[in-house]
1. 222 nm [θ] for the chain, helices only, -39500 (n - 2.57) per DSSP H run of 4+, per residue, to 500?
2. What's the local net charge at residue 242, with K and R +1, D and E -1, over the other residues with C-beta under 14 Å away?
3. What does the highest-first list of 37-48, 362-373, 127-138 look like by mean Cβ count within 10 Å?
4. In whole Å, how far is the Cα centre of the range 80-110 from that of the range 349-409?
5. To the nearest 10 square angstrom, how much accessible area does residue 315 have with a 1.4 angstrom probe?
6. Please state the shape class of the range 15-170: rounded when a/c is under 1.5, otherwise prolate if a/b exceeds b/c and oblate if not, all from the C-alpha gyration tensor.
7. What's the local net charge at residue 310, with K and R +1, D and E -1, over the other residues with C-beta under 12 Å away?
8. Using a ≥ b ≥ c from the Cα gyration tensor of the range 326-409 (square roots of the eigenvalues), is it rounded, prolate or oblate, where a/c under 1.5 gives rounded and otherwise the larger of a/b and b/c decides, a/b for prolate?
Amino acid sequence: MAETIIKIDLNKSPYENEKVHNRWHPDIPMAAMVKPGDDFIVECHDWTGGQINNDDNAEDVRDVDLTQVHFLSGPVGVEGAEPGDLLVVDILDIGTFEESQWGFNGFFSKQNGGGFLTEHFPEAQKTIWDFNGMFTKSRHIPGVEFAGLIHPGLIGCLPSKSMLDEWNKREKELYDTDPDRVPGLVNLPFADTAHMGKLNGDARNAAAAEGARTVPPREHGGNCDIKDLSRGSQIYFPVYVKDAGLSVGDLHFSQGDGEITFCGAIEMAGWIHMRVNLIKGGMEKYAIKNPIFKPSPMAPKYDDYLIFEGISVDEEGKQHYLDVHIAYRQACLNAIEYLKKFGYSGAQAYSLLGCAPVQGHISGVVDVPNACATLWLPTDIFEFDLKPGVDGPQHSVAGSMDVPLAKDK
Ligand code: ZN
């Protein structure tokens, strides 16, 4: 049995664990060292570090402190890794804790984080998902059950100092274009709630003041939220610092492409079993700038879809030029309106599109002026027939418990 090199205690604050951190900075000391060829297990908090409860009240999602996220386990140092290498990570397995057989999805208030459809769903809501082996269902969204496509939302290596400086520079430039925007364009460094692993004192304060927030994906990978990065995948990470410094967290039981609700997958605490190897000088050998990966040989099999199209014409009817963001939003809104005809609330449908094994595709980006994006909704996750028919929808879930909502204060 592989050794668990990072353990967590779900009953304790992640701030008490020096093998956990919530910012990216090259000075964060390695939490543990391994050798190429080793396999090992790392335990992870859910991304909020236990801020969300298994109940029918969304006030915790409304009041979540987003300056604390994401709590990552690591960094794991790999002996012999040097800048320019590729770190090869096999995700051998991922699992849940016996005492924590549930996960959550939420959409944040527009005042505190927002989400892809925040203009349509401006207040905080929460869905709880119960795990039953490889399957999950929710008391807040009736009529659906599906197999988990379990994966880490966030995994990557520490940046070098020059890379960190570049991130901070370019993100500040974007921030400065509209500093008052709600929700914000960028999350700038924020020292107060930074957890810098083993660092303390002046070294901690200096690193905390410039440590990059974990929200965006960047050149090192990070918060890519790729649902297909599931157990069985093999990932090739660029290495920027000595010993590489691999960190992981934000485990998801399942997620739809786009993670559209932002707190968007089925978020969970759990463990991940990994193996590491090195390709010396691999960044140059293969022209690697961002990570690449091979998907798992195993994945839940959903072959039948109802596919919703969206084009780059917004809700007000305004024409945009090849804007994939707007096209995908229209595809999502079209799917939500369709699901409402089966008795789902808009919030139930939105949450489902964030959590279920939904595929999102950029279908066309050349047919001016409209980009075309498609949302692929698997029909077999529903307990009833979702296809259009001459007699209209033959099933309704209306009257079920809705997704709990917490009004803004
Ligand atoms: Zn997540």
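1. Value at 222 nm, helices only: -4500 deg cm²/dmol.
2. Cβ neighbours under 14 Å give a net charge of -3.
3. Ranking the peptides 37-48, 362-373, 127-138 by packing returns 37-48, 127-138, 362-373.
4. 26 Å
5. 70 Å²
6. Judged from the Cα gyration tensor, the range 15-170 comes out oblate (a/c at least 1.5, b/c at or above a/b).
7. Combined, the nearby Lys, Arg, Asp and Glu give -4.
8. Oblate.
The values are calculated or read from the model by the stated rules, or taken from the named source; none is laboratory data. The shown structure was predicted, so the numbers you read here are calculated from the model rather than taken from an experiment. Reconstructed Cβ throughout: ideal geometry from the backbone, glycine too, with neighbour counts over all protein chains shown. These accessible areas exclude ligands, DNA and RNA; they are computed on the full protein's heavy atoms, side chains included. Shrake-Rupley method; radii C 1.70, N 1.55, O 1.52, S 1.80 Å.
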